[in-house]
Amino acid sequence: MAEKQIIAVLGATGAQGGGLVQAILNDKSSEFQVRALTRNVNSDKAKELAKMGAEVAFADLDNAESLNKAFSGVHGVFAVTNFWEHFSPEKEMEQARSIAKAARETNVKHVIWSSLDDTRKLLPLEDNRMPTLQGKYKVPHFDAKGESNKFFSESGVPTTILNTVFYWENFIYFGQGPKKGPDGKLALSLPLADSKMPSIAVEDIGKCALAIFKNGDKYIGQTIGIAGEHLSGKQLAESFSKAFGQEVVYNAISAETYRGFGFPGADDMGNMYQFKAEFEDYYCKSRDVQVTRSLNPSLQSFSSWLEKNKSNIPLE
Ligand SMILES: NC(=O)c1ccc[n+]([C@@H]2O[C@H](COP(=O)([O-])OP(=O)(O)OC[C@H]3O[C@@H](n4cnc5c(N)ncnc54)[C@H](OP(=O)(O)O)[C@@H]3O)[C@@H](O)[C@H]2O)c1
């Protein structure tokens, strides 16, 4: 049997990378094996990945030498950066630049860059419907990733840009789920007006990424947007109501209110939701559910994901 090719996965201990590690490990007949990259090979999560059969290796996005070492001998790299660790678009771009450079120097055959839209292409800084943040961004954690696409194209590394979407796991880990109001009723408060928002389970991002690698050259040079479903705030709330057996109302707050919530990144997220709501057509069309299902035939619906995960969603 031919030796398996290695896929190096950044963010392997996190949501997106973790989804891909799991997908590769679950696919026993796969032509790939996985190298899970982390800054701490001794963390519980890293040890768990090793126990499940992943090769675990050190890599730090802020340490170029470590990237070259981590990418050596690999076929593919799944690249994701974590904006929320530092809130700096410049740092995120620097990390993306380092990934592209290391991938070129180590002759990687296929990079999947987990990206998002540069919203400024549709919403120039002069557009005052939402504030400009950090001097030159509308949605910093989107814009930095979208602007970073150029590092991959300029480096000449064979790359697929994977535009991801809101993951349902945000309802578990990111404080985005329904909350009890003063009246004791559960409400899902989002500034989406009546627009539909594409969303997905993290597990399905990983399965799509694996399918992109498995398709060889087919998706190189392409931008692929993925989504499990396109759902309005009202539809999300209806699914919550069914799953919890109690009413969850959709509370369509304004983006201005959301930006004022005051938690770190609330302004960035408020702008993000406003962008998704006001550019609904563009944003949904660029994340087609049928395309996603063609990559991943076992794509989950929100209600089936919720059935499996509802007990993990904190209802405060
Ligand atoms: N939440 C959403 O709905 C959503 C949707 C689309 C896109 N995103 C984007 O997803 C990104 C975060 O990805 P995630 O949610 O999969 O991550 P996550 O679960 O928050 O975990 C962060 C991962 O990044 C790794 N990491 C962070 N800094 C690193 C560094 N300097 N060197 C090496 N690894 C580093 C961590 O690895 P170690 O700690 O083990 O080193 C960890 O595996 C964000 O940039 C966000 O904008 C999120």
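Structural remarks
- Residues SER294, SER232, SER254 ordered from highest to lowest accessible area at a 1.4 Å probe: SER294, SER254, SER232.
- Put simply, the amide H of ASN251, placed in the peptide plane, has neighbours under 5 Å in LEU188, SER189, LEU190, leaving out anything fewer than 5 places away on its chain.
- Reciprocal of mean inverse Cα separation for segment 120-240 (Kirkwood radius, Å): 17.1 Å
- Ratio of Rg to Rh over segment 224-316 (Cα coordinates, Kirkwood Rh, two decimals): 1.00
- Between the listed residues GLN274, GLY216, THR106, the Cα displaced farthest toward the positive end of the dipole of the chain, a dipole computed from Cβ unit charges relative to the Cα centre, is found at GLY216.
- Carbon and sulfur %, accessible surface of the chain computed with the full protein complex present, 1.4 Å: 50 percent
- Average Cα contact separation per residue, segment 122-261, under 8 Å, 6 or more apart, as relative contact order %: 27 percent
- The base-10 log of I(q)/I(0) for segment 65-124, evaluated at q = 0.12, 0.14, 0.17 Å⁻¹, reads -0.34, -0.45, -0.63 [Debye formula, identical scatterers on Cα atoms, solvent excluded].
- Solvent exposure of segment 187-316, expressed per residue, is 43 Å² of accessible area, with all protein chains present and a 1.4 angstrom probe.
- Backbone N under 20 Å from the ARG129 label point (7 Å along Cα→Cβ), restricted to segment 281-309: 281-287
- Segment 100-142 versus segment 165-218: alpha-carbon centroid distance in Å: 20 Å
- A simple spin-label model places pseudo-atoms 7 Å from Cα toward Cβ; at MET52 and ASP288 they are separated by 3.1 nm.
- Using C-alpha pairs under 8 Å with a sequence gap of at least 6, the mean separation divided by the residue count of the chain gives a relative contact order of 17 percent.
- Assuming charge only on the beta carbon of Lys and Arg (+1) and of Asp and Glu (-1), the dipole of the chain about its Cα centre is about 540 debye to the nearest 20.
- Close Lys-Lys pairs in segment 164-294, where close means Cα under 24 Å and separation is 8 or more or interchain: 22
- Over 28 Å [Cα-Cα, segment 1-146], rounded percent: 25 percent
- Heavy-atom surface of segment 1-80, accessible at 1.4 Å and reported per residue (Å²): 49 Å²
- Square roots of 5 times each gyration tensor eigenvalue, C-alpha, the chain, largest first, Å: 32, 23, 18
The values are calculated or read from the model by the stated rules, or taken from the named source; none is laboratory data. Treat the numbers as computed from the prediction; the structure is a model and nothing was measured. Virtual Cβ from ideal backbone geometry, glycine too; neighbours counted across all protein chains shown. Protein only, heavy atoms only, side chains kept; ligands, DNA and RNA dropped before computing areas. Shrake-Rupley method; radii C 1.70, N 1.55, O 1.52, S 1.80 Å.
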